[in-house]
Amino acid sequence: MKNIRIRTNVHYRDFEGQCNFTIELNVKNADWSGISDETGEYESVTGEFTNKYSQKCFDSIMKRLKGASRTWQILDWSFAGRTNGWFVLLCNGAIDCITRRQEEIIEQEVQQFFNEFNQNLLEHYGERGCE
């Protein structure tokens with residue numbers, strides 16, 4: 001199982017001018033097993049499920065961090081990398097003020113969503129996983 005850990009500013013250049021820094025988590029190689037080739041191609045092109053699912057992850061992070069800091073803020077989320085394998089939080093403020101506890105909350109949320117990706121993907125498209 002993949003262990004999700006925070007990295008900062010890996011793809012900052014892609015977002016320069018939109019934020020002061022980025023918090024990034026490697027979400028490459030999510031489990032797409034049980035999805036038909038046709039559905040996989042459709043999802044890869046449209047992001048119908050992935051974008052909604054990622055927004056839920058972002059909302060969950062924001063809820064857990066609500067009011068946690070006055071020195072830095074998460075503005076929005078995006079994907080980065082050649083295959084959109086990085087979940088990116090666009091942030092403003094003081095990067096040095098992020099606490100380890102705040103990092104742990106972000107990592108926990110992304111880890112949980114990553115671990116449950118396949119189950120939710122299959123449910124979204126009404127497909128059965130391989131048993």
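Out of everything in segment 84-111 that is among the small types (Gly, Ala, Ser) and more than 10 Å from the chain's Cα centre (by Cα), what residue ends up being surrounded by the most Cβ atoms within 10 Å (Cβ to Cβ)?
So, considering only residues that are among the small types (Gly, Ala, Ser) and more than 10 Å from the chain's Cα centre (by Cα), the one surrounded by the most Cβ atoms within 10 Å (Cβ to Cβ) is 93.
Does segment 28-42 hold any residues that are of a type outside the set (A, V, I, L, M, F, W, C) and in contact (Cβ under 8 Å) with a residue 12 or more places away in the chain, and which are they?
Answer for segment 28-42, where residues must be of a type outside the set (A, V, I, L, M, F, W, C) and in contact (Cβ under 8 Å) with a residue 12 or more places away in the chain: 28, 29, 31, 33, 34, 36, 39.
Is it the case that some residue within segment 84-96 is over 20 Å from residue 16 (Cα atoms) and either of a type outside the set (Val, Ile, Thr) or touching a strand residue (DSSP E or B) at 6+ places or on another chain (Cβ under 7 Å) (or both)?
The answer is no; no qualifying residue exists.
Which of the residues that make up segment 1-37 are surrounded by 17 or more Cβ atoms within 10 Å (Cβ to Cβ) and part of a helix (DSSP H, G or I)?
12, 15
Conditions first: (1) of a type in the set (S, T, N, Q); (2) over 24 Å from residue 118 (Cα atoms); (3) touching a residue at least 40 places away in the same chain (Cβ under 8 Å). Residue 78 passes all but one, so which condition is the exception?
Residue 78 satisfies all of (1) of a type in the set (S, T, N, Q); (2) over 24 Å from residue 118 (Cα atoms); (3) touching a residue at least 40 places away in the same chain (Cβ under 8 Å) except (2).
Where a number appears in this text, it was derived from the coordinates with a stated rule and is not lab data. Worth saying up front: this structure is predicted, and the values here are computed from it rather than measured. Cβ coordinates were reconstructed from backbone atoms using ideal geometry, including for glycine residues, and neighbour counts include every protein chain displayed.
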